[in-house]
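The values are calculated or read from the model by the stated rules, or taken from the named source; none is laboratory data. All values derive from a computational prediction rather than experimental measurement. Note that we place each Cβ from the backbone using ideal geometry, even for glycine, and neighbour counts take in every protein chain shown. Remember, those area values only see protein heavy atoms, side chains included, never the ligands or the DNA or RNA. Shrake-Rupley method; radii C 1.70, N 1.55, O 1.52, S 1.80 Å.
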Amino acid sequence: MKTRIVDLTKPIQYNAGDPWFMRVKIKHKAHRKSHWLIRLALRLPARLFPKNWTGWADDTIKNMGLHATTHIDAPWHYGPVVEGKPAKTIDQIPLEWCFGDGIVINCTHKEDFVTITVDDLKKDLDKNGITIQQGNIVLIRTDRDKMMGTSDFVEKGTGMSKEATEWLIDQGVKVMGIDQWGWDLPLRYMAKKAK
């Protein structure tokens, strides 16, 4: 069987429609600054540099909210303890968890603010004749990624129910993903409902 790797990453870019706390800010350092930095740090005389050499430009990501780009939440993100042991931080996630056979479950039919249920998952798997195996990576397709760069990206969407999430875990899934701002219903919607 031929393996196909699918790149699911979103570009690291400034989006005016993103909320202030997740906007990407990139600083572009001018060529002149690196010219002097290299000369001083390495103590090199000007005669060793090519004529008209201006230096190297440099870019620094000054700010990048976690949900601004493709990311993985470590178990530590959700709580300090998992199964009675310290939860894994992002640097402790085994790389093997991040590669494997992927299953896409189509939930594009779900309306904004309506949770994805176990029944939704099972229906799509049955329709496509797919059985989840231990170690599969499950990706939930909502098509809400098309709203990236707009305020709707954070404000609208569906979300996984607690029961659907636990059901995936019970099937042996360690890594799951979704193509919207977050795994749950939109945060502002849940806060309003909780109030």
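Output the residues belonging to the range 168-188 that are more than 19 Å from THR9 (Cα to Cα) and surrounded by fewer than 18 Cβ atoms within 10 Å (Cβ to Cβ). Correct list: ILE169, ASP170, GLN171, GLY172, LEU187, ARG188.
Restricting attention to the range 92-110 and to residues that are touching a residue at least 40 places away in the same chain (Cβ under 8 Å) and surrounded by 13 or more Cβ atoms within 10 Å (Cβ to Cβ), the residue that is farthest from VAL138 (Cα to Cα) turns out to be LYS110. With respect to (1) among the polar types (S, T, N, Q); (2) open to solvent by 70 Å² or more (accessible area, probe 1.4 Å); (3) within 20 Å of ASP101 (Cα to Cα), the lone exception for THR165 is condition (2). Just one residue in the set ALA30, ALA46, ALA41 is more than 30 Å from ASP119 (Cα to Cα), surrounded by fewer than 14 Cβ atoms within 10 Å (Cβ to Cβ) and in contact (Cβ under 8 Å) with a residue 12 or more places away in the chain; that residue is ALA30.
The set of residues in the range 56-73 being assigned to a loop (DSSP other than H, G, I, E, B), surrounded by 14 or more Cβ atoms within 10 Å (Cβ to Cβ) and of a type in the set (Gly, Ala, Ser) consists of GLY65 alone.
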